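Note sheet for the following structure.
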Amino acid sequence: NAGVTQTPKFQVLKTGQSMTLQCAQDMNHNSMYWYRQDPGMGLRLIYYSASEGTTDKGEVPNGYNVSRLNKREFSLRLESAAPSQTSVYFCASTLQGNQPQHFGDGTRLSIL
Amino acid sequence: SQQGEEDPQALSIQEGENATMNCSYKTSINNLQWYRQNSGRGLVHLILIRSNEREKHSGRLRVTLDTSKKSSSLLITASRAADTASYFCATPPYGGSQGNLIFGKGTKLSVKP
């Protein structure tokens with residue numbers, strides 16, 4: 001079992017470029033989440049999808065969009081990247097609300 | 001909207017010693033979770049304690065929850081170098097039921113051989 005797989009692992013962008021971070025889980029989980037982690041900070045929730053077909057904003061949604069493509073996949077899109085979006089991005093999933101979350105190993109994104 | 005706050009921010013101990021980390025939170029919760037993060041990796045779930053539980057054990061881990069003080073502690077007994085990692089507590093936001101969590105800033109634990 002791969003668990004939660006994130007691609008790419010590393011990416012460097014220029015300001016204004018766009019890109020999509022991919023996340024897939026093979027545990028038949030219903031809920032999926034995107035977080036960002038900045039140095040010395042805990043994780044902050046960007047968007048989440050409680051079930052297939054639904055998405056909701058988290059604490060820091062500005063500058064991001066998401067798509068729950070199907071039950072397995074949840075992508076995060078940066079339409080016009082800004083240096084403030086330099087961060088490590090984590091995707092997580094859980095079977096249902098309030099259960100433990102399973103995390104991918106992150107995408108390290110630098111925006112110059 | 002910070003919910004959990006860990007203390008201390010950093011902890012350095014010798015192998016074999018016990019490590020205690022604390023977490024305080026602000027609003028009523030139905031559960032509190034602890035996670036570990038090794039350098040360069042994603043978070044790994046360690047233990048979940050429900051609001052009606054006071055203590056829970058898992059191997060060398062012991063978690064306590066005091067809802068009257070809105071605090072929790074994570075004790076790692078007989079620590080090993082492999083326990084070196086950052087530890088985070090996480091709680092659902094007030095009234096939250098969809099599984100989204102609010103994480104603290106973490107305690108960075110260093111266990112020296």
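At-a-glance table
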| item | result |
| --- | --- |
| Chain A: relative contact order in percent, alpha carbon pairs under 8 Å with at least 6 residues between | 36 |
| Contour excess over end-to-end distance, with Cα ends at A:Met19 and A:Leu95 and 0.36 nm allotted per residue | 24.6 nm |
| Chain B, relative contact order [Cα under 8 Å, separation at least 6], % | 39 |
| Paramagnetic reach from A:Ser51 (point 7 Å along Cα→Cβ, amide N under 17 Å) across the stretch A:64-78 | A:68-73 |
| Chain A - convex hull of alpha carbons, volume per residue in Å³ | 91 |
| Pairs of Lys in the protein assembly as shown closer than 30 Å at Cα, counting only those 8 or more apart or on different chains | 26 |
| Cut-off 14 Å between beta-carbons: net charge of the residues surrounding A:Ser110, Lys and Arg +1, Asp and Glu -1 | +3 |
| Förster radius 35 Å - calculated FRET efficiency between B:Ala82 and A:Met27, Cβ distance, rounded to 0.05 | 0.85 |
| Counted charge near B:Arg60, where neighbours are those whose Cβ lies closer than 10 Å (Asp, Glu -1; Lys, Arg +1) | +1 |
| Within-12-Å neighbourhood charge of B:Arg80 [Cβ basis; K, R +1; D, E -1] | -1 |
| DSSP bridge pairs, the protein assembly as shown: antiparallel proportion in percent, nearest 5 | 90 |
| Estimated inter-spin distance, A:Glu59 and B:Leu75, nm [label 7 Å along Cα→Cβ] | 2.9 |
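Since every read-out is calculated from the coordinates, none of them should be taken as a lab result. Keep in mind the model is a prediction, meaning the values are calculated, not measured. FYI the Cβ positions are ideal-geometry reconstructions off the backbone, even for glycines, and counts take in every protein chain you see.
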